[in-house]
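Trainee: My structure is below; once you've seen it, I'll send some questions.
The values are calculated or read from the model by the stated rules, or taken from the named source; none is laboratory data. Only a predicted model underlies this, so the values are computations on that prediction, with no experimental measurement involved. Here the Cβ is made from the backbone with ideal geometry for all residues, glycine too, and neighbour counts use every protein chain on show.
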Amino acid sequence: MYQVHLKDVSLINMKKISGAEAIIRCLISEDVDVLFGYPGGAIMPVYDELYKFQKDINHILVRHEQGATHAAQGYARSSGKVGVAIATSGPGATNLVTGIADAQIDSTPMVCITGQVASYLLGSDAFQETDIIGISTPVTKWNYQITKASEISEIISKAFFIARTGRPGPVLIDITKDAQFDMIENFEYKKCENIRSYSPIPPINKSTISDAGKLINESKKPLIVWGQGVILGNAESEFKDFVEKTGIPAAWTILGVSAISTNHKLNVGMVGMHGNYGPNVLTNDCDLLIAIGMRFDDRVTGDLKTYAKQAQIIHFEIDPAEVDKNVKVDIAVIGDVKQTLKEILPHVNKSSHNSWVRKFRELNKIEFDKVIDKEYNKQSGGLSMAEVIKSINENTEGNSILVTDVGQHQMIACRYMNFNKSKSNITSGGLGTMGFALPAALGAKIGDPGREVIAVIGDGGFQMTIQELGTIFQTSYSVKIVILNNEYLGMVRQWQQLFFDKRYASTEMTNPDFVTIAKGYFIESKRVSHRKELNSSIKQMLSHDGPYLLEVCVEKEENVFPMIPSGSSVSDIRLE
Amino acid sequence: MKKTTYTISIYTENNVGLLNRVSAIFLKRHINIVSITSSESEIPDIFRFVIVVNISKEQVVKVVKQIEKQIEVISVFYHTDKQTIFLETALYKVKSSSLFEEKQIQNMIKDSRANIVTVKPDYFVIEKTGWRLETEDLYQKLKPYGLLQFVRSGRISVSKKSMDISRILNSK
């Protein structure tokens, strides 16, 4: 077998290589050691090179291209590196679109490489030709079609630079088949460090820092709401310093959780539609709202006309287009959050807001009595989703990575999971992509193999990418899969119950035997429906060496509360 | 919300897909593009789109930020009509017989400072460059005599204040 082990790129500078080989050498130069993909006609030259370079790049053969993008996202979110997905032209490329859109709205660094028909066939409706550049334009940070082998080096280096810098996002590079076959002389790869039309990190306006510091020092009832920007900006420790010095209670968006630990004394819970009672209600009571690396999504703000109107607002943000987009702010601190948080620290007084923090605790105690205690510490009746998370918490001590899908189980899991480390919560936030979790969990495991990865998935979403069990079986990565099966599309059913007079239109599911399906893929599996078996089953799953699927049959018509009905104000959050 | 006519000037790298990317930003927000032109700019290899829209101030600020965010867009400016000097060109194709039979046509051309670009045995073509009102006025006047063809270009515009694109480029 012809195999190359690449150590020194400069050695091959004088040799003629194909475009396909150049692509692989570019990826290696970008420290890519894993690709998630699926072969096909228009990308075959690249796969032929992957065969030769298999010592350098681990190719994970997914079972559907959508799975490749979600796995690349999971990889990116657990490792902090750029995830790479690869597919052929036509249907291979269009199958990537959902994952690309998900990565765009959740700012996940990803590079997708698609094969394309030969350049002389472009526009002729050739076999498996599709305009993936046109299709992917609204959902990519950047995209480009390579039609000449000589462009490969420059474009791929730009792709990685754009995907990972500033506010990260997905980039798609479409490469015609002839560009993969054509030979290049004097291949050279230079990492892109600058694009003249692109300023990934806007310069900091020093006066915004001192103005923000002043507002913070003057405020009596300040509230921090942080998002994923803290994690994407590697600013966890600067953020912790800022929170602890100012003594300001801090609440998280669903993508921001795990930036500081769940048990931190100033962590007051989640904001948004199914967030905690305290931070939602007090959003409309605080005198200063400090938004850090978040974008005022409608699921966070509820009705904008009644959102934090009494408060002054400071927005720490890297993307100027996010400032004043949904919520008008008083001070925008634009820049890299790691830097802006570092610079503001000397401007803020060491302080504590004990009685104000106590208000959050008091309100959260109301939520505990009305909601949390009943489901988290449930003693009788059907199993609740919350007690499954409780059992996971008790057996993992907040050190595992949680990967969730979309729906009721997602809200429950993110609300109740304990986190001690950053980059521990991987979920589809902005796009709400059912089917995300299973492939994303595989990617997350590959991105950080030392950590336990637990995918918590509903029975609906699981069946959207269920075929990726095949990928997990073939690669035997130790992914733990917990199916919370209520035989309903639970979140939609909840809305039907609350807002459509219980007309359960197409939300009841007749499910297959998930345990048998897992067995078909030779994945250890078990079903549990009784409380007394739950903890031992979770233990058994966690102690198993290799992938494991645990189906938990939970209460069928459980509702997720608290809830801000859509269009309502955050302070009108309902507890029942 | 009060709508105003804004001229958005977009300086970009020359890239095949960029028009698609920019127009998608308007599409997503249901904003109708009143006119669009694209040409080389005063700087070699830098292109300039001129897009005219009728939207609120709040919308134009958000749209401009979204356009500026695109990787190959170098800089974006927006101006109200008062802040720019702008023109459109219109071409009117009329039957030649009207020119000789209807004397007033010649007066119209003279009065509106239009030019005859070409005269053929069966038709002639009038060109008028000016504001929308002016090209529209001539259109209404010529219409009764039978316009064989009519076409109007998108707006081209230069701002009264300088758009410091060279300085922006040099600082990057």
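Trainee: Give the stretch A:173-195 a look and list any residue that's over 30 Å from A:Ile344 (Cβ atoms) and within 14 Å of chain B (Cβ to nearest Cβ), or say none.
Mentor: A:Ile173, A:Asp174, A:Thr176, A:Cys192, listed by residue number.
Trainee: Check A:Gly335, A:Gly398 and return the single one that is in contact (Cβ under 8 Å) with a residue 60 or more places away in the chain, on the phi > 0 side of the Ramachandran plot and surrounded by 19 or more Cβ atoms within 10 Å (Cβ to Cβ).
Mentor: A:Gly335 is the lone residue from the list that is in contact (Cβ under 8 Å) with a residue 60 or more places away in the chain, on the phi > 0 side of the Ramachandran plot and surrounded by 19 or more Cβ atoms within 10 Å (Cβ to Cβ).
Trainee: Which of the residues that make up the stretch A:289-336 are within 14 Å of another protein chain (Cβ to nearest Cβ) and β-branched (Val, Ile, Thr)?
Mentor: A:Ile318, A:Val323, A:Val327, A:Val329, A:Ile334
Trainee: Would you kindly identify the strands (runs of 3 or more DSSP E) lying entirely within the stretch B:96-171 that contain at least 2 residues that are within 24 Å of B:Tyr11 (Cα to Cα) and out of contact with any helix residue (DSSP H, G or I) (no Cβ under 6 Å at 6 or more places or on another chain)?
Mentor: Filter on the stretch B:96-171 gives B:156-159.
Trainee: Hey, another quick one. Does B:Phe47 meet the test of being within 19 Å of the chain's Cα centre (by Cα), in a strand (DSSP E or B) and within 12 Å of another protein chain (Cβ to nearest Cβ)?
Mentor: Yes; evaluated as a whole, the condition is true for this residue.
Trainee: Another question, if that's okay. Are any residues in the stretch A:117-149 more than 14 Å from chain B (Cβ to nearest Cβ) and surrounded by 18 or more Cβ atoms within 10 Å (Cβ to Cβ), and if so, which ones? Walk me through how you get there before you give the answer.
Mentor: Step one: filter the stretch A:117-149 for residues more than 14 Å from chain B (Cβ to nearest Cβ), giving A:117-118, A:120-121, A:124-130, A:149.
Within the stretch A:117-149, A:Val117, A:Glu129, A:Thr130, A:Ala149 qualify.
Trainee: Also, quick follow-up: Return yes or no: is A:Ile389 touching a helix residue (DSSP H, G or I) at 6+ places or on another chain (Cβ under 9 Å) and either crowded, with 22+ Cβ neighbours inside 10 Å or basic (Lys, Arg) (or both)?
Mentor: Taking the combined requirement at face value, the residue satisfies it.
Trainee: Please verify whether A:Gly381 is outside any helix (DSSP H, G or I), surrounded by 18 or more Cβ atoms within 10 Å (Cβ to Cβ) and among the small types (Gly, Ala, Ser), treating the condition exactly as stated.
Mentor: Against the criterion (outside any helix (DSSP H, G or I), surrounded by 18 or more Cβ atoms within 10 Å (Cβ to Cβ) and among the small types (Gly, Ala, Ser)), A:Gly381 does not qualify.
Trainee: While we're here: Cβ-Cβ under 8 Å, sequence separation 6+ or interchain: first residue in the stretch A:258-284 and at positive phi, partner part of a loop (DSSP other than H, G, I, E, B) and crowded, with 24+ Cβ neighbours inside 10 Å. Which pairs?
Mentor: From residues that are at positive phi, the pairs are A:Ser258/A:Phe419; A:Ser258/A:Ser424; A:Gly269/A:Gly275; A:Gly269/A:Asn276; A:Gly272/A:Thr253; A:Gly272/A:Ile254.
Trainee: Among the helices (runs of 4 or more DSSP H) lying completely within the stretch A:457-576, list those that include at least 3 residues that are outside the structural domain of A:Ala68 (by TED's automatic domain parsing), more than 30 Å from A:Gly272 (Cβ to Cβ) and more than 27 Å from the chain's Cα centre (by Cα).
Mentor: Here the list reads A:514-520, A:531-543.
Trainee: Among the residues of the stretch B:1-35 satisfying the criterion of being touching a residue at least 40 places away in the same chain (Cβ under 8 Å) and more than 19 Å from B:Gln83 (Cβ to Cβ), which is farthest from the chain's Cα centre (by Cα)?
Mentor: Only one residue fits best here, namely B:Met1.
Trainee: Run A:Val329 past the list (1) in contact (Cβ under 8 Å) with a residue 24 or more places away in the chain; (2) touching a helix residue (DSSP H, G or I) at 6+ places or on another chain (Cβ under 9 Å) and report the number of the one that doesn't hold.
Mentor: Of everything listed in (1) in contact (Cβ under 8 Å) with a residue 24 or more places away in the chain; (2) touching a helix residue (DSSP H, G or I) at 6+ places or on another chain (Cβ under 9 Å), A:Val329 misses just condition (2).
Trainee: Yes or no: B:Val64 among the aliphatic types (A, V, I, L, M) and part of a strand (DSSP E or B)?
Mentor: Taking the combined requirement at face value, the residue does not satisfy it.
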